[in-house]
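The values are calculated or read from the model by the stated rules, or taken from the named source; none is laboratory data. All values derive from a computational prediction rather than experimental measurement. Positions of Cβ are backbone-derived with ideal geometry, glycine not excepted, and every protein chain shown enters the neighbour counts.
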Amino acid sequence: MGDDDIPPNLTEQDQWGGWVMARLDDGWCAALDRQSMLCTIYARRPMICRDYQAGDSDCIGERRLHGLILNAVGIIG
Ligand code: SF4
């Protein structure tokens, strides 16, 4: 995670010894608020998340995969 400043309770080591975001039993990121679908550490989110642009083709593909459709202004509806 390099210079990322993630709360330690939201991180874990992967099988290769690298530090990654902790995941819940169902695989979702432990920092995600499941009610609002917003990041609870948005200001401190890791660089990999900062590089992922909301609304780009990868984002839309993932949202479609999980049944989360964006409206015209990018709000889940
Ligand atoms: S932006 Fe990153 S840290 Fe925040 S909930 Fe999503 S995957 Fe987790």
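Considering only residues that are in a loop (DSSP other than H, G, I, E, B) and more than 8 Å from the ligand (Cβ to nearest atom), which ones fall in segment 34-44?
Filtering segment 34-44 for residues in a loop (DSSP other than H, G, I, E, B) gives 34-37, 40-41.
Result: Arg34, Gln35, Ser36, Met37.
When only residues in segment 19-33 that are surrounded by 10 or more Cβ atoms within 10 Å (Cβ to Cβ) and in a loop (DSSP other than H, G, I, E, B) count, which is modelled with the lowest pLDDT?
Step by step, filter segment 19-33, then rank; the result is Trp28.
List the residue pairs whose Cβ atoms are under 8 Å apart, where the first residue sits in segment 1-27 and is free of Cβ contacts under 8 Å to residues at least 24 places away in the same chain and closer than 14 Å to Cys49 by Cα, the second is charged (D, E, K, R) and assigned to a strand (DSSP E or B), and the two are 6 or more positions apart or on different chains.
Pairs found: Val20/Glu12; Ala22/Glu12.
Restricting segment 45-62 to residues that are near the ligand (Cβ under 10 Å from one of its atoms) and more than 15 Å from Val20 (Cβ to Cβ), which is modelled with the lowest pLDDT?
It comes out as Ala54.
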